[in-house]
Structures are given as structure tokens and as C-alpha cells.
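Visitor: Please find one structure pasted underneath; my questions will follow.
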Amino acid sequence: MQAKHVLDRFNLWLEQSDKVLEYLAIEDALNLMLGFYREIRIDDCDLANDGDMLLFQWGVEQNGLNAHFSYNLTRHLVVEKTYVDDDGEWIDDSVKQLSLTFRYISNLKLASLGQGNQWCLHPEELGEFEQFLHTHPATLAVKHLHARSIDLSFKHLE
């Protein structure tokens, strides 16, 4: 599968799991994203050169007067395209991200977690990364909370 089709393929993955995005529990979201990374390879990304990674991010974000706690899992894809012109051959990297973001009403407990991120650079690291996610204080803090919003997005970064 090519990177440009990752959102459609993830939506199919979600549908086949009999889960609904708007009602996902955090544990279900983790299992879906981790399983998708484990099972689905992206043909136009170089896995050996950090072309297909997972990123976990958490922390309070300020949105005007309202603060919310964001819990995010992102599949980070680097697509290399080779071009040939009069000056020779050159490579253009295009970064795409499939992101699943949960937003919660912030409180003192969530704010005390600070902000941070953790990368999984290769599927071989997935077992350790999965353990990290399931035991992380942010996961434990939101595990039984109702998310204010759950968003799935696919972005091309410049």
C-alpha cells in the first residue's frame, strides 16, 4: 500500500474491528494503532531509514481560554521520491502523518503529567513501545475518562 492511501486503509481497519471512532476507548485506540503498525506496511516508505514510525504525544494544550489535555498517537511516514532533471538525480522527502487524537477537559491531575513524546522507530521495538504506552501515567490517567473529542486526521507536512 502507498502512503497516500493510509487513511482509507485505517478507516477500513477500524470498520473491520467493529469499533466506531467517536466511541473508542483509549485501550481500543492503542490496540488499533499498534495493530495497524504491526500488520500494515507502507510500500513507498523506507522502514530501515526511519520512514515509518509511531509517535506518542501527550500534554495540555491551550485553545483560547480553554485548556484541554491531548493524548495522541501518530503514524509518521516519510515518502522518498526520486527525481531526475538537467542537474542530475535528487530525492524529495514528503512527510505524512496519520494521527488519532483524544482531547479531554484538563484538570490538575492531567496538567501535572506535563508534556512529552516517545517514538517507536521500527516494528521490532513495538513490544517495548506497547508496554510503555499501556503503563504510561497519561494512559492510566485518561483510561476511564470520557474524551471531549476524538479526531482522526491525515496530514501532509511541509
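FYI, it's all coordinate maths here, none of it is from the lab. Keep in mind that what you see is a predicted model, and the values were worked out from it rather than measured. So basically every Cβ, Gly included, is an ideal-geometry build from the backbone, and we count neighbours across all protein chains shown.
Visitor: Take peptides 31-39, 50-58 and line them up by average Cβ neighbours within 10 Å, highest first, as a rough protection proxy.
Guide: On the way: 31-39: 17.0, 50-58: 19.8.
Order by mean packing, descending: 50-58, 31-39.
Visitor: Measure nothing fancy, just the Cα-based angle from helix 26-39's long axis to the longest principal axis of the chain, in degrees from 0 to 90, nearest 10.
Guide: Result, in degrees: 20.
Visitor: Fewest to most neighbouring Cβ within 10 Å: what's the order for T101, T135? Provide the component values of the computation, followed by the final result.
Guide: Values: T101 18, T135 9.
Arranged by neighbour count, lowest to highest, T101, T135 become T135, T101.
Visitor: Using 7 Å Cα-to-Cβ label points, what is the D43/L12 separation (nm, one decimal)?
Guide: Taking the simple label geometry, D43 and L12 are separated by 1.2 nm.
Visitor: As an exercise, take the mean of 1/r over every pair of distinct alpha carbons in the chain, invert it, and state the Kirkwood radius in angstroms. Walk me through the numbers on the way to the answer.
Guide: Working: mean 1/r = 0.0598 Å⁻¹.
Taking the inverse mean of 1/r over all distinct Cα pairs, the chain comes out at 16.7 Å.
Visitor: At 7 Å along the Cα-to-beta-carbon direction for both H156 and H5, put a label point, then send me their distance in nm to one decimal.
Guide: 1.8 nm
Visitor: Could I ask something else about it? Using Cα pairs under 8 angstrom and six or more residues apart, how large is the relative contact order of the chain, in percent?
Guide: Numbers: 266 pairs, mean separation 41.1, N = 158.
In percent, rounded to a whole number, it is 26.
Visitor: Charges on Cβ only, +1 for Lys and Arg, -1 for Asp and Glu, centred on the Cα centroid of the chain; of Q2, L14, A25, which one is farthest towards the dipole's positive end?
Guide: A25
Visitor: At a Cα cut-off below 18 Å, give the lysines reachable from K19, other chains included and same-chain residues fewer than 8 away excluded.
Guide: Straight-distance partners of K19: K143.
Visitor: Here's something else I'd like to know. So, with +1 on the Cβ of K and R and -1 on the Cβ of D and E, and no other charges, what is the size of the charge dipole of the stretch 1-125 about its Cα centre, to the nearest 20 debye?
Guide: Charge dipole of the stretch 1-125: 900 debye, to the nearest 20.
Visitor: Rounded to the nearest 10 degrees, what's the angle between the helix 126-135 long axis and the longest principal axis of the chain, both from Cα atoms, 0 to 90?
Guide: 20 degrees
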